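Student: Structure below; questions to follow.
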Amino acid sequence: MNQHLRPTSLPATTRAAEGLARRRWSVAEIEAMVAEGIILEDERFELIGGEAVPMSGRGIPHEVVKAALQQYWFPRIVGSPIDLITETTLRVGQDEFYEPDFLFWPRSIPLKDLAADTALLIVEVADTSLRYDLGTKADIYSRLGLCELWVINANTLVTTVHRGPQPTRYASVESKQPNERIEPSLAPSLAVTLGTLDLG
């Protein structure tokens, strides 16, 4: 939070209005507040149905797995028709945006035109946010038409693969062990066996 506008002793989040109506924010309003310095650019939150939801802190396992996957995947997309960006803001509506760990999409689509239903794969690496990523977030991605979502447990390397988006949840949800090869349905060149990665 912007320290000259709020005391450091004031908590960043609250549940005081639980069960009560809250002001709904739009993506444009949030972006305007960032531009004016009211919200700092490095604050990590997602906008879900107009509510600013702080993202869980990232532990060491999360960062180790993410770094290993970056080293594995970036060389594999060079010269391919697939593009990759990490921790980007995926705007999916007037009052929703998300910040996936890995987002793959066809290079032919400009990033500004990318939507969840045109992405090839989203990968979320989770430690403290595992329950949220497997529940609420997976259901949201399914509703948005994302064809494939992986949620990697950073502590165990078990990956939950979601396919077949439906209006409420994915039709297929399958757990993959670290020694199993996982191949994205629309991007087989990105196949990976997590247990073979160099996790330092």
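None of the figures in this text is laboratory data; all of them are computed from the coordinates on show. Bear in mind the structure is a predicted one, so any value in this text is a computation, not a measurement. Glycine also receives a Cβ, built like all others from the backbone with ideal geometry; neighbour counts cover every protein chain displayed.
Student: When N is the residue count of region 66-149, what does its C-alpha Rg come to as a fraction of 2.2 N^0.38 Å?
Tutor: Normalised Cα radius of gyration, region 66-149: 1.08.
Student: Would you kindly state how much longer the chain becomes between VAL64 and THR168 on full extension, computed as 0.36 nm times their sequence separation minus their alpha carbon distance, in nm to one decimal?
Tutor: Separation in residues times 0.36 nm, less the Cα-Cα distance, equals 34.2 nm.
Student: Neighbour counts of other C-beta atoms within 10 Å: give me TYR141, TYR98 arranged from fewest to most.
Tutor: TYR98, TYR141
Student: Any chance you could run the full-extension gain for THR88 through ARG143? It's 0.36 nm times the residue separation minus the Cα-Cα distance, nm to one decimal.
Tutor: 17.8 nm
Student: Please turn the phi angles of region 105-112 into ³J(HN,Hα) values with the Karplus equation 6.51 cos²θ - 1.76 cosθ + 1.60 (θ = phi - 60°), one per residue in order, whole Hz, x for glycine and proline.
Tutor: 8, x, 4, 6, 9, x, 4, 5
Student: Regarding region 110-173, what whole-number volume in Å³ per residue does the convex hull of its Cα atoms give?
Tutor: In region 110-173, the Cα convex hull volume per residue is 79 Å³.
Student: Now for a separate question. What does the highest-first list of 142-151, 72-81 look like by mean Cβ count within 10 Å?
Tutor: 142-151, 72-81
Student: Continuing with the same structure: Going Cα to Cα from LYS137, which lysines come in below 20 Å? Please leave out same-chain ones fewer than 8 positions away.
Tutor: LYS66, LYS176
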